[in-house]
1. For the stretch 6-57, which residues satisfy the criterion of being under 21 Å from Gly71 (Cβ atoms), among the β-branched types (Val, Ile, Thr) and not in a helix (DSSP H, G or I)?
2. For the stretch 47-82, name all the residues that are at pLDDT 85 or above and closer than 21 Å to Val32 by Cα.
3. If you go through the stretch 34-67 one residue at a time, how many are open to solvent by less than 40 Å² (accessible area, probe 1.4 Å) and free of Cβ contacts under 8 Å to residues at least 24 places away in the same chain?
Amino acid sequence: MKQRFAIIVLFALIVASSITSFGCYSAASRMVSEDMDRALALTMREQQCDVISQDTIRTFNSHLQIAALRGQAASSSSSSPSPTSPYGY
């Protein structure tokens, strides 16, 4: 009987932690998306140009509020292919 109770408690904890983890992931994803949307809107309002240049990327990075995202936007105009993309873009 004690083993059955321990297994039930274990599965209850696994389910609870899974639900909590998914909720935290969804909230973080929404925060990142909102921050990037806001930064892009501010950048487009300031730049008023359809061409993305190094200045555009620099301005976009400066408008990001989440510190972990700053500096992650980069230009794909480099001569060497990106290590994360097999197609070079």
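1. Ile52
2. Answer for the stretch 47-82, where residues must be at pLDDT 85 or above and closer than 21 Å to Val32 by Cα: Thr56, Ile57, Arg58, Thr59, Phe60, Asn61, Ser62, His63, Leu64, Gln65, Ile66.
3. The total comes to 6.
The values are calculated or read from the model by the stated rules, or taken from the named source; none is laboratory data. Small disclaimer: the values here were computed from a predicted structure and weren't measured. Virtual Cβ from ideal backbone geometry, glycine too; neighbours counted across all protein chains shown. Side chains included, ligands, DNA and RNA excluded: accessible areas come from the protein's heavy atoms. Shrake-Rupley method; radii C 1.70, N 1.55, O 1.52, S 1.80 Å.
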